[in-house]
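Beneath this line is the structure, given in structure tokens, with notes to follow.
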Amino acid sequence: MKINQHHPWPLTVEEAIAIQESLRNQVIRSDKLKQPVQYVAGVDMGFESNGTISRAAVAVLSFPDLQVRETSLAYRPTSFPYIPGFLSFREIPAVLDALEKIKITPDIILCDGQGIAHPRRLGIASHLGVILDMPTIGVAKSLLIGKHDQLLDTKGSWQPLIHKGETIGAVLRTRQGVKPVYVSTGHRVSLTTAINYVLSCTPKYRLPETTRIADKLASAR
């Protein structure tokens, strides 16, 4: 993939907030997807040498049969500290390196993290989507912000995730008897479409095959 980076990477929280505030209004929350979707990708991160080296993984799968077609790994020095709400600045630089290595351009990227379910509505999935101008979905394993009603214990059940009176995502049960995931629009994908694609990519386990495979690569498991 050809990567066109849109901004320099900040070194301070104040610089990072300014970038989030400047990009948040560029997020498209409606469906602007290429049809039919033929390839979906997952991106995830791991760290080595006490967090000083970032290890980014990308897995590209065919859709809807979810067969692995291509993977890549990239390493670079970690340049931003771990601070909740600012993970994109710590992770995206290496993710872009890994994406640049792949030959198949995915139609949707599923990120292990938040989309607009973020205090400034620009989590890693939204941030990456705006930089690439590609459809992205946030699929997080834990809650960052927002509240929701109780969720039924059946696959496909979901409840809106609400923050300051706004629906920012969904709490989605991808498998009966396991914890839900937190789905949100990243970029160029509506919430309803995001939920449908996450379920389509999650035939067996809690996490979508895209991010599950990328997680194994990133963690060297």
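The values are calculated or read from the model by the stated rules, or taken from the named source; none is laboratory data. Note that the structure is a prediction, hence the values are computed from the model and not measured. Here the Cβ positions follow ideal geometry from the backbone for every residue, glycine too, while neighbour counts run over all protein chains shown. Accessible surface areas use protein heavy atoms only, side chains included; no ligands, DNA or RNA. Shrake-Rupley method; radii C 1.70, N 1.55, O 1.52, S 1.80 Å.
Report the gain in length on full extension from Asn196 to Arg120: 0.36 nm times residue separation, minus Cα-Cα distance, nm rounded to one decimal. Each step should come with its number before you reach the end.
On the way: separation 76, 0.36 × 76 = 27.36 nm, distance 2.48 nm.
Difference between extended and current length: 24.9 nm.
Just the number, please: Stokes-Einstein D of the stretch 147-221 in µm²/s, Kirkwood Rh from C-alpha pairs, 25 °C, 0.890 mPa s. Mind dumping the intermediate values first?
Details: Rh = 13.0 Å.
Calculated translational D: 189 µm²/s.
Which links in Lys101/Lys164; Lys2/Lys155; Lys34/Lys155; Lys103/Lys155 stretch past 31 Å when you go from one Cα to the other?
On the way: Lys101/Lys164 40 Å; Lys2/Lys155 37 Å; Lys34/Lys155 27 Å; Lys103/Lys155 34 Å.
Among Lys101/Lys164; Lys2/Lys155; Lys34/Lys155; Lys103/Lys155, the Cα-Cα distance tops 31 Å for Lys101/Lys164; Lys2/Lys155; Lys103/Lys155.
Under unit Cβ charges (Lys, Arg +1; Asp, Glu -1), what dipole magnitude, rounded to 20 debye, does the stretch 93-199 have relative to its Cα centre?
Working: 12 positive and 8 negative charges, 47 e Å.
Computed charge dipole of the stretch 93-199: roughly 220 debye.
Quick one: ranking Glu91, Glu166, Glu14 by accessible area, 1.4 Å probe, largest first, what do you get? Write down the numbers at each step before the final one.
Working: Glu91 30, Glu166 60, Glu14 130 Å².
From most accessible down to least: Glu14, Glu166, Glu91.
For the stretch 102-186, state which trypsin sites (Lys or Arg not before Pro) are in a DSSP loop and have at most 11 other beta carbons lying within 10 Å of their beta carbon.
On the way: sites: Lys103, Arg120, Arg121, Lys141, Lys147, Lys155, Lys164, Arg173, Arg175; in loops: Lys103, Arg120, Arg121, Lys141, Lys155, Lys164, Arg173, Arg175.
For trypsin sites (Lys or Arg not before Pro) across the stretch 102-186 that sit outside H, G, I, E and B with at most 11 neighbouring Cβ atoms in 10 Å, the list reads Lys103, Lys164.
Express in Å², to the nearest 10, the accessible area of Asp149 obtained by rolling a 1.4 Å probe over the protein heavy atoms while all chains stay in place.
Counting only protein heavy atoms, the figure is 100 Å².
Where does the longest stretch of the chain lie that holds no chymotrypsin sites (Phe, Trp or Tyr not before Pro) found in a DSSP loop with 16 or fewer other Cβ atoms within 10 Å?
Working: sites that count: Tyr82, Tyr205.
That would be 83-204.
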